[in-house]
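Novice: Quick one: the structure is below, questions incoming.
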Amino acid sequence: MADQVDLLLDGRLVLLVDDDPTVLEVCRAYLESAGFRVQDAADAFVALDRIAAERPDLVVLDRMLPGVDGIEVCRRIRAQSQVPVIMLTALGGEDDRIAGLEAGVDDYLAKPFSPRELTLRVQSVLRRALAVEAAGAAVAGSEAAVISRGPLRIDTAAHTVDLDGRRLALTQREFELLAFLARRPGTVFSREDLLQGVWGWSHGDLSTVTVHVRRLREKIEADAANPRMLVTVWGYGYRFDDPGAGAGQAGAGPTGEAAP
């Protein structure tokens, strides 16, 4: 499947959002040489207009934009689209990365960066997004496309989640993480397992998983501080307990980060 998805990368539209014309020029040259179509925007408002009008396949977004910063731009993008977002940032602190993840960023690249690495990151993020889309299409219309767990109904073909009949607003990564865990109730996964299984990364910032788990709890749990579905197993990671099956809470701990 990977080779088939790679064939679909050619001609995909990437929107570059940065107020530095040199960054735009260099990144455009590398991405176009890799077969992508490229548009650019120097400020948030032009970027949001182009996302709505052109529907790019991926957005490369600078963190430090004039006027409206990249974190707020990502929040506004997420209000209208689930397009993958790679954020460029000169701020490498954990708090900054977590703020981006909470806003819905899919990947980070620290400045200064290699345009070749950016191109590889774009390919990797798009490849995964297309693979998920293809997998959803392959099971469309089948019973396997719907995962029912207690009050949750997860439609992997339509990419929708209902909780007690109420439609939830999840980002693409939140949806993928929930579907991954809900397909395997009672199984404990480390953050490394989830980073590989959901993000497709063999290594990376484990706080990515922690932040997404916390955001999911806020959306699916009656009490996010005392979760009954997405629980922490101290010393290892996380487990999904099916409330419809009366799963116990043995091994679950407080909702903080899983212990190393």
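The values are calculated or read from the model by the stated rules, or taken from the named source; none is laboratory data. Just so it is clear, the structure is predicted and the values come from calculations on it, not from any experiment. Ligands, DNA and RNA are excluded from the accessible area calculation, which covers all protein heavy atoms including side chains. Shrake-Rupley method; radii C 1.70, N 1.55, O 1.52, S 1.80 Å.
Novice: For segment 140-240, which whole percent of the accessible surface, found with a 1.4 angstrom probe, sits on carbon and sulfur atoms? Let's see the in-between values first.
Specialist: On the way: 2110 of 4350 Å².
Carbon with sulfur: 49 percent of the solvent-accessible area.
Novice: Using only C-alpha atoms and all pairs of different ones, pull out the Kirkwood radius for segment 1-136 in Å with one decimal. Each step should come with its number before you reach the end.
Specialist: Values: mean 1/r = 0.0673 Å⁻¹.
With all distinct Cα pairs of segment 1-136 included, I get 14.9 Å.
Novice: Hey, another quick one. Largest first, what is the accessible-area ranking of PHE36, PHE113 with a 1.4 Å probe?
Specialist: Solvent-accessible surface, decreasing: PHE113, PHE36.
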